[in-house]
Amino acid sequence: MKPLVNAINALAGNPEPAASSKLGSTNLRRLRVGVYRATYEIDGVTVAIKILTVGTTAA
């Protein structure tokens with residue numbers, strides 16, 4: 001879980017890292033770190049990042 005927390009903290013400097021992917025035509029993105037996934041939204045007006053979900057992949 002610590003690598004995911006570190007990746008989420010790094011979003012402040014780079015909200016669209018290579019490990020993330022855009023979800024459709026919205027401001028939603030998915031961040032993949034090992035078995036963990038986080039879905040987040042970038043609000044460009046206030047330059048805010050909202051973490052919406054955190055979970056693991058089905059193994």
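Here, each number is a calculation from the coordinates, and none is a lab measurement. A quick note: this is a predicted structure, and the numbers were derived from the prediction, not measured. Here the Cβ is made from the backbone with ideal geometry for all residues, glycine too, and neighbour counts use every protein chain on show.
In order along region 4-21, phi translates into HN-Hα couplings of 5, 4, 4, 5, 5, 4, 6, 4, 4, x, 8, x, 10, x, 4, 6, 9, 9 Hz, rounded to whole numbers, per the Karplus curve 6.51 cos²θ - 1.76 cosθ + 1.60 with θ = phi - 60° and x for Gly and Pro. Backbone geometry of region 29-44 corresponds, through the Karplus equation with coefficients 6.51, -1.76 and 1.60 at θ = phi - 60°, to 3J(HN,Hα) couplings of 9, 10, 10, 10, 9, x, 8, 9, 10, 10, 9, 9, 10, 9, 9, x Hz, x marking Gly and Pro.
Let me know the whole percent of all Cα-Cα pairs from the chain that are separated by more than 19 Å.
Details: 363 of 1711 pairs.
In whole percent, the long-distance tail amounts to 21.
Would you mind counting up the charge near Pro3? Only other residues with Cβ under 15 Å from its Cβ, with Lys and Arg at +1 and Asp and Glu at -1.
Values: positive: Lys2, Arg32, Arg37; negative: none.
Net charge in that neighbourhood comes out at +3.
Using C-alpha pairs under 8 Å with a sequence gap of at least 6, the mean separation divided by the residue count of the chain gives a relative contact order of 24 percent. Taking amide H atoms as placed 1.01 Å from N in the peptide plane, the amide H of Leu23 lies under 5 Å from those of Leu28, Arg29, Arg30, each 5 or more residues away in sequence or on another chain.
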